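Enquirer: Structure provided below as structure tokens; questions to follow.
Please treat every number below as a calculation from the coordinates, not as lab data. Just so we're clear, the structure is a prediction, and the values are computed from it rather than from any experiment. Cβ: placed from backbone, ideal geometry, glycine included. Neighbour counts: every protein chain shown.
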Amino acid sequence: MGKVVLGVTVGVAVAACAVAALVVGRRVRSRKKWKRVVGVLKELEESCETTVGRLRQVVDAMAVEMHAGLASEGGSKLKMLLTFVDNLPSGSEKGIFYALDLGGTNFRVLRVELGGQRSDLDPDVEQQPIPEQLMTGRSEDLFDFIASSLHRFVEKGNDSVQSSIVKELGFTFSFPVKQTSVSSGVLIKWTKAFAIKDMVGKEVAGALQQALARKGLNMRVAVLVNDTVGTLALGHYHDADTVAAVIIGTGTNACYWERTDAIIKCQGLLTTSGGMVVNMEWGSFWSSHLPRTSYDIDLDAESPNPNDQGFEKMISGMYLGDIVRRVILRMSEESDIFGPVSSRLYVPFALRTTAMAAMHEDDSPELMEVARILQDVLDIPDVPLKARKLVVKICDVVTRRAARLAAAGIVGILKKIGRDGSGGITGGRSRNDIKMRRTAVAVEGSLYTQYTMFREYLHEALHEILGEDIARHVVINVTEDGSGTGAALLAASHSSSGSVDNIQLV
Ligand code: BGC
């Protein structure tokens, strides 16, 4: 009897030990996996580091590259394109003007009535998404689609489509264009999700003008402008201290007002104003000071334009969500904190930046929005709260880096034109000797206007880089629908009735 009791007791003890060992083993394994995931996060944080010192290096590099791009054609990755816009709207423009805005995810048609007095503009705007197949098909199909939308829009309004009076149109085309005049230019390359091969090297306004003729629209493309230039025009219309404009949306770019004598690559460029807007195409800016991660390298290598648009790929809305997807994928492969690896994690661009921003800004205590997006978008169900918090942190690291780099880009422009309080690129003068003038920068794009965390990080970095004393002279103005409305304003100031061609290339 005693032996039996002893046997049972030993058996129970052994079983208890085994269970305990199993539990401890599992805990140790799970702790190890968690440690690995935390390691991935730590590595991400370190490689995305944007200390103010590093940001200042980016500022300097931007200013130096701007000089190089102005000095010679191909002198820098920054194209520093001439726009032939040598005067910004004054406020005295009058009449009815149309604009087409093509370049992001959506396409806009606008009609603006200008009363001749700087006033609040209230344009009629119609917006629609661009069908994906048109972004990669034939150019004729894309331009016919645009012309049809414009035709419907004009018909809906009070203006007659076939009126004998030519309607003036501003065309915002948000891709790198080598302009030959304010109303003409050839496409250098596509960016973002566009890739219509037959269009590269072709005259852009000409292609639109032909499509308008095919639809029987009596309209003239008065100006062909980049979205940054439209934004600068509207920014300047409302605030005469505006010297630069920045877009941070699907893509990113900036333009600014430059003295013609600083545009060395175009010797003999004469404008009556003595200046011209330069489209920087800063999306292709590159510097060894940019904090680059393995995820950026993979994203770039797998993109249709490797080794190009490096700055854009770290900053703009087209890419941020995809960087986050890549980090979650790596964590998921290295541990099971997200359960079995979801096949959706392998799909490029499966996580859009809007969804990423929604996760980042989820302020519910249980992070229910994060759980919903992981489940609905990435097919990852039942993610524990601890792992959801990790996802929010990834979004934070990626967005913070993007916003801070954009801020450094802006200060780079201010430095180039001597408005950063440092005495310009050659320095020399002490900060105390410099009288800072009020300086406004117009900003547009969904990342800036709709993503609060992004906007706050950008402002914070501007203050850090410039210092409070200088930063209080720098104003950031949001220009709603600036890219389109600004193009209509420029169409007005360059309309056939009122404009004189002031630009000479001698
Ligand atoms: C284009 C620029 C444009 C920017 C913002 C970039 O991808 O190259 O021309 O201004 O996107 O739309």
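Enquirer: Distance in nm between label sites at Asn106 and Lys42, each 7 Å beyond Cα in the beta-carbon direction?
Expert: Between Asn106 and Lys42, the label points sit 4.4 nm apart.
Enquirer: Roughly how tilted is helix 452-466, in degrees to the nearest 10 and between 0 and 90, from the longest Cα axis of the chain?
Expert: 70 degrees
Enquirer: Here's another thing I want to ask about it. May I ask you to derive the FRET efficiency for Thr449 and Asp376 from their Cβ-Cβ distance with R0 = 41 Å, giving the value to the nearest 0.05?
Expert: Efficiency, rounded to the nearest 0.05: 0.95.
Enquirer: Which ³J(HN,Hα) values, rounded to whole Hz and listed in residue order, are derived for region 468-477 from phi using the Karplus coefficients 6.51, -1.76 and 1.60 in 6.51 cos²θ - 1.76 cosθ + 1.60 with θ = phi - 60°, glycine and proline given as x?
Expert: 4, 4, 7, 4, 6, 8, 9, 10, 9, 10
Enquirer: Still on this model: Which percentage, to the nearest 5, of the DSSP beta bridges contained in the chain is antiparallel?
Expert: So the antiparallel bridges amount to about 60 percent of the total.
Enquirer: Additional query: Modelled label-to-label distance, Arg437 and Asp124, 7 Å Cα→beta-carbon offset: nm?
Expert: Going from the Arg437 label point to the Asp124 one covers 4.0 nm.
Enquirer: Here's something else I'd like to know. Taking only the Cα atoms of the chain, how large is their convex hull per residue, in Å³?
Expert: Hull volume normalised by residue count: 177 Å³.
Enquirer: Helix 385-416 against the longest principal axis of the chain: what's the angle in degrees, Cα atoms only, rounded to the nearest 10?
Expert: Approximately 30 degrees, to the nearest ten.
Enquirer: Which of the listed residues, Leu466, Leu121, Ile146, is farthest toward the dipole's positive end in the chain, when Lys, Arg count +1 and Asp, Glu count -1 at the beta-carbon?
Expert: Leu466
Enquirer: Hey, another quick one. Hey, if you put +1 on the Cβ of every Lys and Arg and -1 on every Asp and Glu Cβ in the chain, which of Gln450, Val392, His67 ends up farthest toward the positive end of that dipole?
Expert: Farthest towards the positive end: Val392.
Enquirer: Would you compute, for the Cα atoms of region 247-387, the largest minus smallest coordinate along each principal axis and list the three values in descending order, in whole Å?
Expert: That gives 66, 31, 23 Å along the principal axes, largest extent first.
Enquirer: If R0 is 35 Å, what FRET efficiency do you get for Thr272 and Ile188 from their C-beta distance, rounded to 0.05?
Expert: With a Förster radius of 35 Å, E is 0.80.
Enquirer: Between region 306-335 and region 347-377, what's the alpha-carbon centroid distance in Å?
Expert: A separation of 15 Å, based on Cα centres.
Enquirer: Continuing with this model, one more query. Which Cα, out of Tyr295, Ile337, Thr479, lies furthest along the positive dipole direction of the chain (beta carbon charges, K/R +1, D/E -1)?
Expert: Value: Ile337.
Enquirer: Still on this structure, please answer the following. Could you list the residues of region 35-59 with an amide nitrogen less than 19 Å from a label point located 7 Å from the Cα of Ser288 in the Cα-to-C-beta direction?
Expert: Under 19 Å, as judged by backbone N against the label point of Ser288, lie 47-51, 53-59 of region 35-59.
Enquirer: Show that you can apply the helix-only estimate: for the chain, add -39,500 (n - 2.57) for every DSSP H stretch of four or more residues, divide by all residues, and state [θ] at 222 nm to the nearest 500.
Expert: -14500 deg cm²/dmol
Enquirer: Looking only at region 262-290, which residues have a backbone nitrogen under 20 Å from a spot 7 Å from the Cα of Lys178 in the C-beta direction?
Expert: 263-270, 277-285
Enquirer: Sticking with this structure for a sec: With θ taken as phi - 60° and the coefficients 6.51, -1.76 and 1.60, list the Karplus ³J(HN,Hα) couplings across region 134-143 in order, rounded to whole Hz; mark glycine and proline as x.
Expert: Those phi angles translate into 6, 6, 10, x, 9, 5, 4, 5, 4, 5 Hz.
Enquirer: Fully extended, how many nm does the chain gain between Glu132 and Val347 (0.36 nm per residue separation, minus their Cα-Cα distance)?
Expert: Contour length minus Cα-Cα distance gives 75.7 nm.
Enquirer: Based on Cβ point charges of +1 for Lys and Arg and -1 for Asp and Glu, what charge dipole magnitude is obtained for the chain about its Cα centre, in debye rounded to the nearest 20?
Expert: Charge dipole, the chain, about its Cα centre: 1740 debye, nearest 20.
Enquirer: Evaluate 2.2 N^0.38 Å with N set to the residue count of region 26-136, then give the Cα radius of gyration divided by it.
Expert: For region 26-136, the normalised Cα radius of gyration comes out at 1.89.
Enquirer: Against the longest alpha carbon principal axis of the chain, how many degrees, from 0 to 90 and to the nearest 10, is the axis of helix 320-334 turned?
Expert: Here the helix axis deviates by roughly 20 degrees.
Enquirer: Say each of Ala71 and Gln210 gets a label point 7 Å from the Cα, pointing the same way as Cα to Cβ; how far apart are those two points in nm?
Expert: 4.0 nm
Enquirer: May I ask for the percentage of alpha-carbon pairs in region 330-379 that lie more than 14 Å from each other?
Expert: In whole percent, the share of Cα-Cα pairs in region 330-379 beyond 14 Å is 55.
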